[in-house]
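Participant: To start, I am sharing the structure in question, which I have written as structure tokens.
The values are calculated or read from the model by the stated rules, or taken from the named source; none is laboratory data. The structure displayed is predicted, hence computed values, not measured ones. Cβ coordinates were reconstructed from backbone atoms using ideal geometry, including for glycine residues, and neighbour counts include every protein chain displayed.
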Amino acid sequence: MTKEVDVIYRMQIEELLLEHSPTILFVEHDSEFCKHIATKIVELKEINHF
């Protein structure tokens, strides 16, 4: 998401989400975006049993 979006637009998205506090589930590779927005983070990792 944020890879193609300029910094100002990204900041506006963050402000909007923080202001309205919706319940959302998002998958995001940008850890800074996640740290600013998320109240809880669940990280799934692949476990290779072989």
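Participant: Restricting the search to the range 12-40, which residues are surrounded by 10 or more Cβ atoms within 10 Å (Cβ to Cβ) and in contact with a Ser or Thr (Cβ under 9 Å, 6 or more places away or on another chain)?
Facilitator: Those that are surrounded by 10 or more Cβ atoms within 10 Å (Cβ to Cβ) and in contact with a Ser or Thr (Cβ under 9 Å, 6 or more places away or on another chain): ILE13, GLU28, ASP30, GLU32, PHE33.
Participant: Let me ask you something else. Just the residues that are part of a loop (DSSP other than H, G, I, E, B) and touching a helix residue (DSSP H, G or I) at 6+ places or on another chain (Cβ under 7 Å), please, taken from the range 17-50.
Facilitator: Correct list: GLU28, ILE41.
Participant: Within the set of pairs 6+ apart or on separate chains, which have a first residue in the range 1-17 that is within 13 Å of ASP30 (Cα to Cα) and modelled with pLDDT of 65 or more, a second that is aliphatic (A, V, I, L, M) and not in a loop (DSSP other than H, G, I, E, B), and C-beta atoms under 9 Å apart?
Facilitator: Listed by first residue and then by second, the contacts come to GLU14/ILE37.
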